[in-house]
There are 2 protein chains.
Amino acid sequence: MEDIISLDHGSGGKKTSSLIEKLILPALGNPVLNELGDAAVLKGAEDLVFSTDSFVVSPYFFPGGDIGKLAVCGTVNDIAMQGGIPKYLSLALIIEEGLPAEDLRRVIASAAKAAEEAGVIIATGDTKVVERGKGDGIFINTAGIGFLACPGLSPKNIRPGDKVLVSGTVGDHGTAVMLARSPLLVSAELKSDCRALSALAQALYSLGPDLKVLRDPTRGGVATTLCEFAENTKNSVVLDEKSLPVRPQVRSACDILGLDPLYCANEGKLLAVVSAERAEEALALLKGTEGGEDAAVIGYVDDVHPGRVIEKTPLGTFRILTKLAGAQLPRIC
Amino acid sequence: MEDIISLDHGSGGKKTSSLIEKLILPALGNPVLNELGDAAVLKGAEDLVFSTDSFVVSPYFFPGGDIGKLAVCGTVNDIAMQGGIPKYLSLALIIEEGLPAEDLRRVIASAAKAAEEAGVIIATGDTKVVERGKGDGIFINTAGIGFLACPGLSPKNIRPGDKVLVSGTVGDHGTAVMLARSPLLVSAELKSDCRALSALAQALYSLGPDLKVLRDPTRGGVATTLCEFAENTKNSVVLDEKSLPVRPQVRSACDILGLDPLYCANEGKLLAVVSAERAEEALALLKGTEGGEDAAVIGYVDDVHPGRVIEKTPLGTFRILTKLAGAQLPRIC
């Protein structure tokens, strides 16, 4: 196995076999993937949850994670937000010619560790290589299958009086990746929150129909996700900025970079809308689960400004939050 | 909806919503995809077949198809080769900034048509945009789920005496894409064979355990796939070059380009290994199915040269075929 990935490694011939056998299977191998068939045969007899995401984050190593961990957690999280218990992932690589094999090895090892921690099997995969200048190091697509455990989660279930919860501090991933791009600003204290949310989601599934919707606020951040909850409904979401957990170093970095933590991507946080009656119970469930220690109730639903998200500022004034208009942080995931 | 894709279209905010609502859903929409959740809820109560492939073909339009059709057919085919009836696909785009929206529209329409023809639903998707010079127009990943109809297909089932069949002419896709890259060589007579193989595969499922293995010889071509059948076994595969169906224009193009049709990618052909007793029946099943009119028995299995593939040339001599060593045709799919 050479140190540098070449076009030959994507040919489908000997070099591809060598790459898979020497670099990928040692890290990711399991009885399903090891078959190396064109597709994987899965066991399942329930309703399924199926999701996909491509990851193009730049740089592909960043404080708190890398593209491999992100690619596994991202799809695991999409399944969990839809009420599924994640079970199987596919993992497909688009590699730029010239990538150091060691970088790929680290990324794959990181994906394998994240999959093990999240309890999912990477069941099938694919490898392509493109010419230098036609890609950017490494892009990863994952698709995932989960078994449906909590059916019916949807913004359509939201009603006035419901509470909005977040599982922890916001803005960590976006600021960590931005700082990784600016050598002058590197800070040891900032790191991505990249993590699998399946345990936190499953803790909330016990609320049954009192759990209305779950969503992980990635690209576009908390503000954009809340807008998606309210749009085309008769509900408004009121966000109390005071109660929003933000690390001081994230707030400082946002000030320096001219960013708003509400629009920064998160990769290890969930937003949940829960009935008022069970909001305290939901908060306790989150706080009692690893990764949810900083959970908070950050707002509520009413019908005063249908379709809108209103932020109550620390000064007691109000502003309307809209969806992210452009690419505040391109290639954040 | 602007004419040019910008970084903003991958932001996850308004522009992304606009791209999905105005360009993608009109072509691909269905009740599952229209939910636009992070993941899709599927109905299924059988063993599953799950596959993924990224497509980076250059150019992304070529005679006989485009990257959209290819991305759908490629994953449909991987599922069918594993004995699955394809049901659901994911479709994830990595778009280079500056891509004409019209190109994307054509590609998406083509994917939608291919999905309809193959009887699959595109159940979930994702869109990312990268900077100019960090991608190449458009890359597509598809992952797919099928229900297992013909379990146990594997090269492990192959025994001496078995026959090798191909569903039609070989080398069409590889030569068509290569010629599309060389304006001087363009020929109206050459086009990709890109098509869904699920109907042809399903025709053969009726053979039960007399059908040993199915594989679509894409990257690396027929020679590489046959090598995968023989390697690490006590079997050899003998290929009779005389009986291999190759269009005259493909043969001419290969001569000009210095290629071997046996190593050229196919995107609408399958190789099947079948017991000798039912080989004629298998041939009739293929010939009676659309896309299988040119099917042929092209070889057999023995145990004379374990692990090897031997080609019997038209002159009556023999040569050993090995796996494709490098990237004969980079970015062919």
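The values are calculated or read from the model by the stated rules, or taken from the named source; none is laboratory data. Everything numeric in this text was worked out from a predicted model, so none of it was measured. Note that each Cβ is placed from the backbone with ideal geometry, even for glycine, and that neighbours are counted across all protein chains shown.
Results for (1) within 9 Å of chain B (Cβ to nearest Cβ); (2) buried (at least 24 other Cβ atoms within 10 Å of the Cβ); (3) in contact (Cβ under 8 Å) with a residue 12 or more places away in the chain, shown as yes or no for each residue.
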residue	(1), (2), (3)
A:Gln82	yes, yes, yes
A:Ser90	yes, yes, yes
A:Glu96	yes, no, yes
A:Leu99	no, no, yes
A:Ala109	no, no, yes
A:Glu117	no, no, yes
Item checked: Total residues in segment B:217-228, condition touching a Ser or Thr at 6+ places or on another chain (Cβ under 8 Å) and either surrounded by 24 or more Cβ atoms within 10 Å (Cβ to Cβ) or among the aliphatic types (A, V, I, L, M) (or both) -> 4
Next item on the list: Might you let me know whether segment B:199-207 holds any residue that is in contact with a Phe, Trp or Tyr (Cβ under 7 Å, 6 or more places away or on another chain), surrounded by 24 or more Cβ atoms within 10 Å (Cβ to Cβ) and at pLDDT 90 or above?
Entry: no
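Is it the case that some residue within segment B:252-259 is among the acidic types (Asp, Glu) and either under 21 Å from B:Pro160 (Cα atoms) or touching a residue at least 60 places away in the same chain (Cβ under 8 Å) (or both)? I'd like the intermediate steps shown before the answer.
Here is the first cut: in segment B:252-259, the residues among the acidic types (Asp, Glu) are B:255.
Then keep just the ones that are either under 21 Å from B:Pro160 (Cα atoms) or touching a residue at least 60 places away in the same chain (Cβ under 8 Å) (or both); that gives none.
Scanning segment B:252-259 turns up no residue that is among the acidic types (Asp, Glu) and either under 21 Å from B:Pro160 (Cα atoms) or touching a residue at least 60 places away in the same chain (Cβ under 8 Å) (or both).
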Checklist line | Residues located in segment A:44-67, provided they are small (Gly, Ala, Ser) and either touching a strand residue (DSSP E or B) at 6+ places or on another chain (Cβ under 7 Å) or in a strand (DSSP E or B) (or both) | finding: A:Gly44, A:Ser51, A:Ser54, A:Gly65
Next item on the list: Counting only residues that are under 22 Å from the mean Cα position of the chain (by Cα) and assigned by TED's automatic domain parsing to the domain that holds B:Met178, give me the strands (runs of 3 or more DSSP E) lying completely in segment B:225-333 with at least 3 of them.
Entry: B:271-274, B:296-302
Check: Which residues, counting only those in segment A:285-333, are within 14 Å of chain B (Cβ to nearest Cβ), among the β-branched types (Val, Ile, Thr) and buried (at least 21 other Cβ atoms within 10 Å of the Cβ)?
Finding: A:Val309, A:Ile332
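Taking the conditions exactly as written (modelled with pLDDT of 90 or more, buried (at least 24 other Cβ atoms within 10 Å of the Cβ) and polar (S, T, N, Q)), does A:Asn141 satisfy them or not? Break it down into steps so the answer makes sense when it comes.
Numbers: modelled with pLDDT of 90 or more: yes; buried (at least 24 other Cβ atoms within 10 Å of the Cβ): yes; polar (S, T, N, Q): yes.
Taking the combined requirement at face value, the residue satisfies it.
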Next item on the list: Could you tell me which of the residues B:Val120, B:Val177, B:Val107, B:Val170 is at pLDDT 95 or above, closer than 23 Å to B:Gly291 by Cα and not charged (D, E, K, R)?
Entry: B:Val170
Check: Is it the case that some residue within segment A:228-244 is in contact with a Leu (Cβ under 7 Å, 6 or more places away or on another chain), closer than 30 Å to A:Asp66 by Cβ and at pLDDT 95 or above?
Finding: no
Next item on the list: Report yes if B:Glu281 is over 29 Å from B:Gly64 (Cα atoms) and either at pLDDT 95 or above or loosely packed, with under 15 Cβ neighbours inside 10 Å (or both), otherwise no.
Entry: yes
Notebook entry, point to check: In segment A:298-333, what count of residues is obtained for those that are touching a residue at least 60 places away in the same chain (Cβ under 8 Å) and of a type in the set (A, V, I, L, M, F, W, C)?
Noted result: 10
Margin query: Quick check on segment A:239-257. Is at least one of its residues among the aliphatic types (A, V, I, L, M) and in contact with a Lys or Arg (Cβ under 8 Å, 6 or more places away or on another chain)?
Written below: yes
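Return yes or no: is B:Thr16 over 20 Å from B:Asp136 (Cβ atoms), modelled with pLDDT of 90 or more, buried (at least 21 other Cβ atoms within 10 Å of the Cβ) and within 10 Å of another protein chain (Cβ to nearest Cβ)? If you could, list the steps in order and put the result at the bottom.
Numbers: over 20 Å from B:Asp136 (Cβ atoms): yes; modelled with pLDDT of 90 or more: no; buried (at least 21 other Cβ atoms within 10 Å of the Cβ): yes; within 10 Å of another protein chain (Cβ to nearest Cβ): yes.
Here the answer is no, as B:Thr16 does not meet what is asked.
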Notebook entry, point to check: Would a scan of segment A:144-156 turn up a residue that is closer than 18 Å to A:Ile67 by Cβ and either surrounded by fewer than 23 Cβ atoms within 10 Å (Cβ to Cβ) or not assigned by TED's automatic domain parsing to the domain that holds A:Tyr263 (or both)?
Noted result: yes
Next item on the list: For B:Leu28, state whether it is more than 24 Å from A:Gly125 (Cβ to Cβ), modelled with pLDDT under 60, surrounded by 18 or more Cβ atoms within 10 Å (Cβ to Cβ) and more than 12 Å from chain A (Cβ to nearest Cβ).
Entry: yes
Margin query: List the residue pairs whose Cβ atoms are under 9 Å apart, where the first residue sits in segment A:154-167 and is within 14 Å of another protein chain (Cβ to nearest Cβ), the second is modelled with pLDDT of 95 or more and assigned to a loop (DSSP other than H, G, I, E, B), and the two are 6 or more positions apart or on different chains.
Written below: A:Pro155/A:Asn235
Checklist line | Restricting segment B:119-138 to residues that are basic (Lys, Arg) and surrounded by fewer than 23 Cβ atoms within 10 Å (Cβ to Cβ), the residue that is farthest from the chain's Cα centre (by Cα) | finding: B:Arg132
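Condition check: under 24 Å from B:Leu190 (Cα atoms) and in a helix (DSSP H, G or I). Does B:Val107 satisfy that?
Values: under 24 Å from B:Leu190 (Cα atoms): yes; in a helix (DSSP H, G or I): yes.
So B:Val107 passes the test.
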Margin query: Please determine whether any residue of segment A:50-57 is surrounded by 24 or more Cβ atoms within 10 Å (Cβ to Cβ), of a type outside the set (Phe, Trp, Tyr) and more than 8 Å from chain B (Cβ to nearest Cβ).
Written below: yes
